Amino acid sequence: MTKKSKKILKIISGIVVFLTLPSLLFFGFLFFKFNEDLPNGIQGEDADALAYKMLEALDYDAFKKTNYIEWTFKKRHHYEWDRSKNICEVYWKEYKVNLDLNDHNQSKAFIHSFKTETEMGKELIAKALNFFNNDSFWLVAPYKVFDKGTERRLVKLKNGDDALLVTYTTGGSTPGDSYLWLLDDTGKPKAFKMWTSILPIEGLEASWSDWTTTESGAQLPTFHKLLVLGLEIDHIKGTTK
């Protein structure tokens with residue numbers, strides 16, 4: 001290797017270290033500050049009772065009657081979800097996917113309003129499904145505590161409060177994820193902590209706040225705070241038709 005090549009390699013190595021070292025230090029700080037083990041909890045009637053209390057605080061009956069929900073997640077993905085037919089139109093950039101949530105093979109992808117049945121179309125459908133699984137969870141997760149494949153556990157916090165640990169053993173894009181719901185005195189969610197396969201730090205907390213009540217009576221959040229990040233949900237509509 002020539003002297004010039006060594007110098008170039010040294011410069012490149014210096015740039016890589018300069019760019020990555022702060023990120024590594026920041027991640028290390030976050031890991032040691034926030035990472036925590038999944039808490040132990042007890043399954044049974046008490047856990048289910050706390051879950052029902054949360055649903056009652058959010059008027060679950062109104063949500064069940066909500067047949068249509070529309071929203072935009074982080075100003076990037078827009079959804080028009082017909083819950084009565086279990087289909088959802090997903091929009092982002094120049095793409096649209098008519099997502100059939102009962103039979104994914106019946107889903108259709110469009111680019112600039114033109115239907116595509118190419119390999120890219122299949123990729124768009126898969127991407128839309130992942131978007132929907134993630135973004136709808138940030139909207140309606142409290143209503144999913146009794147979904148098929150869920151396990152509920154009552155967890156006693158250090159301050160003596162009760163919290164609800166929900167584990168999704170099946171379904172979604174990342175089965176096995178767990179969420180610890182932190183509730184106010186009425187049972188309404190204030191935040192949850194997450195143990196998920198896509199997050200490198202376990203136990204990160206995200207707020208559930210700025211609730212809005214839709215035309216149908218369903219209560220849905222418009223904002224979540226995760227560390228220094230804000231997750232906005234706007235253009236929310238919920239109707240019985």
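Structural remarks
- Cross-link table Lys108/Lys225; Lys122/Lys241; Lys75/Lys158; Lys85/Lys188; Lys65/Lys148; Lys53/Lys225, entries beyond 27 Å C-alpha to C-alpha: Lys108/Lys225; Lys122/Lys241; Lys75/Lys158; Lys85/Lys188
- Surrounding net charge for Ile233, when Lys and Arg each add one and Asp and Glu each subtract one, Cβ distance under 12 Å: -1
- For the chain, calculated [θ]222 nm from helices alone, where every DSSP H run of n ≥ 4 adds -39500 (n - 2.57): -10000 deg cm²/dmol
- Tensor-based shape of the range 167-241 (alpha-carbon gyration tensor, a/c under 1.5 rounded, otherwise prolate or oblate): prolate
- According to the calculation over all Cα-Cα pairs in the range 114-241, the P(r) per 5 Å bin from zero is 2, 9, 16, 21, 19, 16, 9, 5, 2, 1, 1, 0 %.
- Spin-label model, Leu231 to Ala62: label points 7 Å out along the Cα-to-beta-carbon direction sit 2.3 nm apart.
- For the chain, with all protein chains in place and a probe radius of 1.4 Å, 55% of the accessible heavy-atom surface sits on carbon or sulfur.
- Using the Cβ of Tyr179 as centre and a radius below 10 Å, the other residues enclosed give a net charge of +1, where K and R count +1 and D and E count -1.
- Enclosing the Cα atoms of the range 56-182 in their convex hull gives a volume equal to 125 cubic angstrom per residue.
- Taking all protein chains together and a 1.4 Å probe, the residues Arg152, Arg83 rank Arg83, Arg152 from largest to smallest accessible area.
- Shape of the range 65-127, Cα gyration tensor, a/c cut at 1.5: oblate
- Relative pair counts by distance (%), Cα atoms of the chain, 10 Å bins: 7, 26, 30, 20, 11, 4, 2, 0
The values are calculated or read from the model by the stated rules, or taken from the named source; none is laboratory data. Remember, predicted model here, so these are calculated numbers, not experimental data. Cβ coordinates were reconstructed from backbone atoms using ideal geometry, including for glycine residues, and neighbour counts include every protein chain displayed. We work out accessible area using only protein heavy atoms, side chains counted, and drop any ligands, DNA or RNA first. Shrake-Rupley method; radii C 1.70, N 1.55, O 1.52, S 1.80 Å.
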